[in-house]
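**Q** The structure that follows is given in the form of structure tokens.
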Amino acid sequence: MKILYVDLLSPSGHIGLNKILVKTLSNLVDLDIVWRNNYINIDELKDVNDRNINVYYIPEKLYKESVSKISYRLNNVKIIKWLLRNFDINKYNLVFISSYETISFSMAWPRKLKTRTVILNHNNLDELQNKVKYLFFKLIPRHIEHIVFEEYMKDYLKESIKIDNKIWVMHHPISFDKYHDAKRFGLLGKEKDKCDIIFAPSGSNDELFIKNLINNQLVYKYLSQTNWRLIIKSKEITYEDNYLKIFSNYLDYKEYLYYFVNAKYILFPYVQNFNYRISGVLFDAIAFKKKIIASSNKIFKYFLNKYKDLGFIFNNLNEFNSLINILHKDKGIMSKEIINQIYYDYSQDFFTKSLKNIIGDSQNDEEYKY
């Protein structure tokens, strides 16, 4: 079986997942990979069957900086047209598109293409609140198959968006690479911070929540009284005092791992429209066996309903204040039962079986049929 594996957008935030997908697929099928130049070095990947892989690069000029949303989408249309000119799609059993932009894909992908095509959804579902993107999403041909990361996302597409396309559920696997790196750097078992750390490293943090943290005296009172230290990523603000550190730059990788090792909780104060996509930081937290404190987005409510010992939900800053005032007495340790269940549900084995089912090699395993 031969698959054309394409990442049309090649975003840095998807590198980890692309590595896992390529590694898994390379041990199942022959793979032609197409993505941005200098995106991922296949030679550096472990456990990849490179005998089954060819890598091709989308010209860098097609990723030129966009001055508007229109020019950005036109660039994406050009990328799709370049792909169709340079590859005979009909010679492949399957086209696996690991990221796409909704409007440009709906406009440019051939409607009468016979080769089976699957597209992996990331923030595409959250963007469906936009009427224009909703319209173009609905215009994606019925024979195109969708992949989502969780069952409730499939339900959303079926029941709310009402598409007739086939939809596959593929759980995002847990990667322990960062945990092993922390071990390699000698960070495990050497917790040094005098304060109990709450770490919020995601780029999806709500900027209004962060601004209110600085101006809220009750937050400072609870942080100081309970010996918390809150370290949070912002796109706009840099600030630091004894108990609150807000950083807008990217942390050094080793520093990032240090805070993950030392954190008692991982905080997710996400923007309200983060609902039908997966947070890579969430899976980092799970890999490090860290409980979470999360805003009431659908993704976190779903996980905490499924795994009740995973952490805590808050709806506003007042509820967050109450939590940090209470949780300094909590040990912040998940039960082994919950950890083992999550590790099974999001294991590499489960992921591989799901992928086999998607590409048509599921051995008729009914457990993984959708």
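**Q** Mind checking whether some residue in region 88-109 is among the aromatic types (Phe, Trp, Tyr), out of contact with any helix residue (DSSP H, G or I) (no Cβ under 9 Å at 6 or more places or on another chain), at pLDDT 95 or above and over 30 Å from Lys306 (Cβ atoms)?
**A** Yes, region 88-109 has at least one match.
**Q** Anything in region 316-354 that is in a helix (DSSP H, G or I) and among the acidic types (Asp, Glu)? List them, or say none.
**A** Glu319, Glu337, Asp345, Asp349
**Q** Taking region 93-109 as the region of interest, how many residues are farther than 15 Å from Phe136 by Cα and assigned to a helix (DSSP H, G or I)?
**A** Of the residues in region 93-109, 0 are farther than 15 Å from Phe136 by Cα and assigned to a helix (DSSP H, G or I).
**Q** Any residue at all in region 106-118 that's among the β-branched types (Val, Ile, Thr), free of Cβ contacts under 8 Å to residues at least 60 places away in the same chain and buried (at least 19 other Cβ atoms within 10 Å of the Cβ)?
**A** Yes.
**Q** Turning to a different aspect of this structure: If you go through region 59-114, how many residues are of a type in the set (Lys, Arg) and within 24 Å of the chain's Cα centre (by Cα)?
**A** 2
**Q** Is it the case, given these coordinates, that Ile313 is in a helix (DSSP H, G or I) and not acidic (Asp, Glu)?
**A** The answer is no for Ile313.
**Q** Quick check on Phe268: is it under 26 Å from Asp126 (Cα atoms), assigned by TED's automatic domain parsing to the domain that holds Ile15 and either buried (at least 20 other Cβ atoms within 10 Å of the Cβ) or modelled with pLDDT of 95 or more (or both)?
**A** no
**Q** Given the residues Asn75, Asn90, Asn18, which is the only one that is outside any loop (DSSP other than H, G, I, E, B) and either basic (Lys, Arg) or under 23 Å from Asp349 (Cα atoms) (or both)?
**A** Asn18
**Q** Next up: Out of all the residues in region 36-73, which are among the hydrophobic types (A, V, I, L, M, F, W, C), surrounded by 13 or more Cβ atoms within 10 Å (Cβ to Cβ) and without any contact (Cβ under 8 Å) to a residue 40 or more places away in the chain?
**A** Ile40, Ile42, Leu45, Val48, Ile53, Val55, Leu62
**Q** Here are some residues: Ile198, Ile214. Which one is surrounded by fewer than 18 Cβ atoms within 10 Å (Cβ to Cβ), within 23 Å of Phe274 (Cβ to Cβ) and touching a Phe, Trp or Tyr at 6+ places or on another chain (Cβ under 9 Å)?
**A** So the residue among Ile198, Ile214 that is surrounded by fewer than 18 Cβ atoms within 10 Å (Cβ to Cβ), within 23 Å of Phe274 (Cβ to Cβ) and touching a Phe, Trp or Tyr at 6+ places or on another chain (Cβ under 9 Å) is Ile214.
**Q** So how many residues does region 319-348 have that are of a type in the set (Val, Ile, Thr), surrounded by 15 or more Cβ atoms within 10 Å (Cβ to Cβ) and within 21 Å of Ser296 (Cα to Cα)?
**A** 3
**Q** Can you tell me which residue within region 74-105, out of those that are over 24 Å from Val29 (Cα atoms) and of a type in the set (S, T, N, Q), is surrounded by the fewest Cβ atoms within 10 Å (Cβ to Cβ)?
**A** Among residues in region 74-105 that are over 24 Å from Val29 (Cα atoms) and of a type in the set (S, T, N, Q), the one surrounded by the fewest Cβ atoms within 10 Å (Cβ to Cβ) is Asn75.
**Q** Name every residue in region 215-242 that is modelled with pLDDT under 90 and either within 30 Å of the chain's Cα centre (by Cα) or in a helix (DSSP H, G or I) (or both), in order of residue number.
**A** Result: Asn215, Gln217, Leu218, Val219, Tyr220, Lys221, Tyr222, Leu223, Ser224, Gln225, Thr226.
**Q** Within the set of pairs 6 or more residues apart or between chains, which connect a residue that is more than 22 Å from Phe351 (Cα to Cα) inside region 150-176 to a residue that is part of a loop (DSSP other than H, G, I, E, B) with Cβ atoms less than 7 Å apart?
**A** Asp164/Arg142
**Q** Looking at region 156-177, which of the residues that are modelled with pLDDT of 95 or more and either among the polar types (S, T, N, Q) or in a helix (DSSP H, G or I) (or both) is surrounded by the fewest Cβ atoms within 10 Å (Cβ to Cβ)?
**A** My answer is Glu159.
**Q** Something else about it: Out of the residues in region 234-265 meeting the condition of being free of Cβ contacts under 8 Å to residues at least 24 places away in the same chain and surrounded by 11 or more Cβ atoms within 10 Å (Cβ to Cβ), tell me which one is farthest from Tyr222 (Cα to Cα).
**A** Ranking the candidates gives Tyr250 first.
**Q** Could you list all residues from region 110-132 that are farther than 11 Å from Ile89 by Cβ and either among the basic types (Lys, Arg) or not in a helix (DSSP H, G or I) (or both)?
**A** Arg111, Lys112, Val118, Ile119, Leu120, Asn121, His122, Asn123, Asn124, Leu125, Asn130, Lys131
The values are calculated or read from the model by the stated rules, or taken from the named source; none is laboratory data. Since this is a predicted model, take the numbers as computed values, not measurements. Cβ coordinates were reconstructed from backbone atoms using ideal geometry, including for glycine residues, and neighbour counts include every protein chain displayed.
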